[in-house]
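Engineer: This is the structure I want to talk about, given as structure tokens.
The values are calculated or read from the model by the stated rules, or taken from the named source; none is laboratory data. Since this is a predicted model, take the numbers as computed values, not measurements. Here the Cβ is made from the backbone with ideal geometry for all residues, glycine too, and neighbour counts use every protein chain on show.
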Amino acid sequence: MEVLPDSSTIIAEITSGDFPEIGDIRRGIGKWIKVADAKTKKYREFEGLGDGEKSILSYAKGKRDILIIIDEAEARGVAEEEGIPYTGTIGLIIFAQEKGNISRERAVEIVKKLSRSDFRMTVELYDWALERLK
């Protein structure tokens, strides 16, 4: 068995960068965002994925009542094949707003800011998010 990122590695990955939104994520960790330590097993279908994706998919494989957050297309494909429910960054923003963890205005601001950055998002996803946040 190969052991890959512990929660501190994952937290460092999701809170890196110089974006104001990172503060929202940091404040949510331990409250409404759970980062679990996972002993990653080597699964053939996980080859070629990054350490973070391998870790979260390995942790979630076979579990019930879990929703993972992944944005990479390859990792989403594996999650679908394995029947692992997932959402992405936009889904996380919607969830946070719906649960009252961030305001509607803040959620809209984040989605719009992401659309102007190098974050990849379709027009349909952008429109869906803004509609959902009305």
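Engineer: With the requirement that a residue be in contact with a helix residue (DSSP H, G or I) (Cβ under 8 Å, 6 or more places away or on another chain), of a type outside the set (S, T, N, Q) and touching a residue at least 40 places away in the same chain (Cβ under 8 Å), what does segment 94-129 give you?
Structural biologist: Scanning segment 94-129 gives Ala96, Ile102, Arg106, Ile110, Lys113.
Engineer: Is it true that some residue in segment 37-45 is within 14 Å of the chain's Cα centre (by Cα) and surrounded by 18 or more Cβ atoms within 10 Å (Cβ to Cβ)? Working first, answer last.
Structural biologist: Of all residues in segment 37-45, those within 14 Å of the chain's Cα centre (by Cα) come to none.
The answer is no; no qualifying residue exists.
Engineer: Is it true that Ile33 is out of contact with any Gly (no Cβ under 8 Å at 6 or more places or on another chain) and either modelled with pLDDT of 80 or more or surrounded by 13 or more Cβ atoms within 10 Å (Cβ to Cβ) (or both)? Walk me through it before giving the result.
Structural biologist: Numbers: out of contact with any Gly (no Cβ under 8 Å at 6 or more places or on another chain): yes; either modelled with pLDDT of 80 or more or surrounded by 13 or more Cβ atoms within 10 Å (Cβ to Cβ) (or both): yes.
For Ile33, the condition - out of contact with any Gly (no Cβ under 8 Å at 6 or more places or on another chain) and either modelled with pLDDT of 80 or more or surrounded by 13 or more Cβ atoms within 10 Å (Cβ to Cβ) (or both) - is met.
Engineer: Can you pull out every residue in segment 81-122 that is within 29 Å of Ser58 (Cβ to Cβ), part of a loop (DSSP other than H, G, I, E, B) and hydrophobic (A, V, I, L, M, F, W, C)?
Structural biologist: Passing the criteria: Ile84, Phe119, Met121.
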